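The values are calculated or read from the model by the stated rules, or taken from the named source; none is laboratory data. Small disclaimer: the values here were computed from a predicted structure and weren't measured. Quick reminder, even Gly has a Cβ in these numbers, built from the backbone with ideal geometry, and neighbours come from all protein chains shown. For the accessible areas, the whole protein counts, side chains as well, though only heavy atoms, and no ligand, DNA or RNA atoms are used. Shrake-Rupley method; radii C 1.70, N 1.55, O 1.52, S 1.80 Å.
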Amino acid sequence: MPEHTVEKIGGTSMSRTAELLDSVLLRADPYGRIICVSAYAGMTDALLEQKKTGAPGVYGAFAAQGDWQAALDDVLARMLDVNAGIFADPAEADAFARERVEGARSCLLDLSRLCSFGHFQMDQHLMTVRELLASLGEAQSAFNTALLLRGHGVAARFVDLTGWCRSGDAPLDEVIADAFAGIDLARELPIATGYARCSESLMRRYDRGYSEITLARIAVVTGAAEAVIHKEFHLSSADPRVVDGVRTIGQTNYDVADQLSNLGMEAIHPGAAKSLRRAGIPLRVRNAFEPDHAGTLIRADLQPATPGVEIVTGLRDVFALEFHDPDMLGVKGYDAGILDALKRHGVWIVAKTSNANTITHFVKGSMSAIRQVEDDLSAAWPDAAISLEKVALVSAIGRDLGDGILPRALDALAEAGVAPRGIHDLMRKVDLQVVVDPDQHDAALRAMHRGLVERAPERRLHAA
């Protein structure tokens, strides 16, 4: 293939279709790229579950043997509403949406009947159901986008990676290679689904981060010159909703992207970043609605000529899970046991500290899961003291923070009247984490941005 880009558009941006046409999809030369799309905003929530609250969608209702058909009816109505807002005549888009939704309904009804017999267990099929339902959202947005572009004179091709009505599962790279074989990127604009059905089971491995995995593997398999993620905001030095005077980062490396992912502020899913880094493919994060802005380029080889902080970000609602046992000193097995319990209950570890007889994990997850971890640890070590406290983390991140960042951070926090509960300053100098009370999160974020970014001297960059 000729030199090209692979570009992903997120769900929030996809829902601003009229603006997206002018800013991203239609341009003087629309070719030489592959577009990978997410479902329209809220569609995957309706199909699976609400991402923030966990309120069940079609999948949740089906798994609980509730009224999943009514939930699926609501999804179809939502899809038809989206189509009506995009097309003057939505007949073709509506027919596609109905075909997919009714096909999924028929499949789920057959599965329900099958599992009414004792030989077949529903639990064994739920992950497949989850993947089937998730695919409906991406299929609609990709089909619609290709249809819309053809109406504007662009030779757009719908590339369906969802495996709809396809027997057998192949490895993801093989699915991608087959789908793009024979496409002339100089004359066609492929619009691919963010979900891809494959033998690796993207949903099982990455849950709802699968679309960025698809983006990365398309870039690697097709030999892209650059991967691009279009968001509704820039990758900035802080959250502009909390901090005034933020800056677009401009350039950074995958090390910084990993630290952001650890705090839940993903520039890109860490699994996708790994694929791109290994292939030597840079990633550009752009604001979808500022087409003249270059955005932020993330590369594996970019290092700063001078140390400094690039971004200050934070994480609210972190729990400090403190495990204290006077008998711990010199005894092995505590670390492994705690980690096993955290993994078993799906609790995300953000940071960790320890001393002679105390291990503290800063974790994020549902309260019920964290309480289950507590119960398991109490049963394994009945003499240990285990406590749980809600805190917040604020982190300064950069490719090389240098040796003077810690005192400057402490001065900035003291100036703002913020008293840190704890500090993690590791030897590698790519992030500095400050533990504060939850109600001091915003004040700490503003103070550290002011002291470490706004007052910092200009920095020069170079490629290693």
Could you tell me which of rounded, prolate or oblate describes segment 1-69, using a ≥ b ≥ c as the square roots of the eigenvalues of the alpha-carbon gyration tensor, with rounded for a/c under 1.5 and, failing that, prolate when a/b is larger than b/c and oblate otherwise?
prolate
From the C-alpha gyration tensor of segment 326-464, square roots of 5λ in Å
33, 17, 14
Per residue, how much space in cubic angstrom lies within the convex hull of the C-alpha atoms of segment 96-205?
99 Å³
For segment 17-152, what is the relative contact order in percent, using Cα pairs closer than 8 Å and at least 6 residues apart in sequence?
32 percent
What accessible area per residue comes out for segment 347-464, rounded to a whole number of Å², with a 1.4 Å probe?
49 Å²
Please label the shape of segment 195-236 as rounded, prolate or oblate, based on the square roots a ≥ b ≥ c of the eigenvalues of the alpha-carbon gyration tensor (a/c under 1.5 means rounded; beyond that, a/b larger than b/c means prolate, else oblate).
oblate
How do the peptides 351-362, 421-432 rank, highest first, by the average count of neighbouring beta carbon atoms within 10 Å per residue?
351-362, 421-432
Per-residue ellipticity at 222 nm for the chain, helices alone: DSSP H runs ≥ 4 residues times -39500 (n - 2.57), over residue total, nearest 500 deg cm²/dmol?
-11500 deg cm²/dmol
Largest first, how would Cys36, Cys115 line up by accessible area (1.4 Å probe)?
Cys115, Cys36
Gyration tensor on Cα atoms of segment 384-464, a ≥ b ≥ c root eigenvalues, a/c under 1.5 rounded, else prolate if a/b beats b/c, else oblate, says oblate
How high is the relative contact order of the chain? Use alpha-carbon pairs under 8 Å, at least six apart in sequence, and give a whole percent.
14 percent
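Based on a Kirkwood Rh over C-alpha pairs, give the Stokes-Einstein translational diffusion coefficient of segment 143-239 at 37 °C and viscosity 0.692 mPa s in µm²/s.
Answer from the Stokes-Einstein relation: 221 µm²/s.
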Under 19 Å between alpha carbons - lysine pairs in segment 327-442 that sit 8 or more apart or on different chains:
8
State the percentage of accessible surface on segment 61-188 attributable to carbon and sulfur atoms; use a 1.4 Å probe and exclude ligands, DNA and RNA.
52 percent
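Relative contact order for segment 1-51 using alpha-carbon pairs under 8 Å, separation at least 6, rounded to a whole percent?
In percent, rounded to a whole number, it is 51.
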Can you list, largest first and rounded to whole Å, the semi-axes you get for segment 56-98 by taking the square root of 5 times each eigenvalue of its Cα gyration tensor?
26, 8, 6
How many percent of all Cα-Cα pairs in the chain sit more than 34 Å apart?
42 percent
Karplus couplings for segment 210-224 from phi (6.51 cos²θ - 1.76 cosθ + 1.60, θ = phi - 60°), rounded to Hz, Gly and Pro as x?
5, 5, 6, 5, 4, 3, 5, 6, 4, 4, 5, 5, 8, x, 5
In the chain the DSSP beta bridges are antiparallel at a rate, in percent to nearest 5, of 65 percent
In Hz, Karplus ³J(HN,Hα) per residue of segment 22-38 (6.51, -1.76, 1.60; θ = phi - 60°; x = Gly, Pro):
6, 8, 10, 6, 9, 8, 3, 10, x, 9, x, 7, 10, 9, 10, 10, 8
Would you rank Cys198, Cys107, Cys165 by solvent-accessible area, highest first, keeping every protein chain in place and using a 1.4 Å probe?
Cys165, Cys107, Cys198
Given a 1.4 Å probe and the protein chains all in place, what does the accessible area of Thr44 round to, in Å² to the nearest 10?
20 Å²
